[in-house]
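For reference, the structure is listed below as structure tokens.
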Amino acid sequence: MSGEKLRTEVINVGTLLQYSNLTIPIYQRPYKWTSKNVNQLITDIITFKNKKQYRLGTLVLHNGEIVDGQQRIITLVLIIKKMYELLDDSKKKEYYKESLFKINAFAASAQFFNKYSLHNIVENIHAIEERKTDFDDKLLDFVLSKCEFVV
């Protein structure tokens, strides 16, 4: 190791998604999460929504690149985008506007050339759509402020 110090911290999803240089490096494996994984994540979030926080696991970043944790991050981005879309309160939409801007910037920077990644993303968007009745403003608040990663 070249004298670099490892830094570890706990960061909520909302803060993490504010990182402007968050990217998925080209060498990462394809996006392999299926609707089963997506449904399990949504169920877990709903199960723990009344807790002080919910730890989503570990995320490894290096110079803004997601070295480990891309499956969960991509899935969360898809879920959050759907939750935002479902908001019917214009004040809430305005409140989350900056977060959505960052999420869209991250989503736009993520390039998926692997046909399995593209297939799984489309399938998972459908799975999330099927769970939309489980989403509300409070769950979006919970995901952004109380769901955390060890980074």
Exercise for the section: State yes or no: is Phe142 among the hydrophobic types (A, V, I, L, M, F, W, C) and surrounded by fewer than 18 Cβ atoms within 10 Å (Cβ to Cβ)? Expected result: no
Exercise for the section: Scan region 29-63 for residues that are among the polar types (S, T, N, Q) and in contact with a strand residue (DSSP E or B) (Cβ under 7 Å, 6 or more places away or on another chain) and jot them down. Expected result: Gln53, Thr58
Practice task
Within region 129-138, identify whether any single residue is polar (S, T, N, Q), under 20 Å from Tyr19 (Cβ atoms) and either at pLDDT below 95 or loosely packed, with under 12 Cβ neighbours inside 10 Å (or both), and answer yes or no.
Solution key: no
Practice task
Residues being surrounded by fewer than 13 Cβ atoms within 10 Å (Cβ to Cβ) and more than 14 Å from the chain's Cα centre (by Cα): count how many of those fall in region 41-75.
Solution key: 8
Fill in the blank from the handout: Quick count over region 37-52, residues being without any contact (Cβ under 8 Å) to a residue 12 or more places away in the chain and in a helix (DSSP H, G or I), is 4
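Residue-by-condition table, conditions (1) exposed (fewer than 12 other Cβ atoms within 10 Å of the Cβ); (2) among the basic types (Lys, Arg); (3) free of Cβ contacts under 8 Å to residues at least 60 places away in the same chain:
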residue	(1), (2), (3)
Val77	no, no, no
Ile80	no, no, no
Glu85	no, no, yes
Tyr95	no, no, yes
Ala105	no, no, no
Phe113	yes, no, yes
Completion exercise
Here the residues within region 6-20 that are assigned to a helix (DSSP H, G or I) and without any contact (Cβ under 8 Å) to a residue 60 or more places away in the chain are Thr15
Handout entry: Selection within region 21-36 - assigned to a helix (DSSP H, G or I) and either in contact (Cβ under 8 Å) with a residue 40 or more places away in the chain or surrounded by 20 or more Cβ atoms within 10 Å (Cβ to Cβ) (or both)
Key = Ser35
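The values are calculated or read from the model by the stated rules, or taken from the named source; none is laboratory data. In this text the structure is predicted, and so the values were computed from the model without any measurement. Quick reminder, even Gly has a Cβ in these numbers, built from the backbone with ideal geometry, and neighbours come from all protein chains shown.
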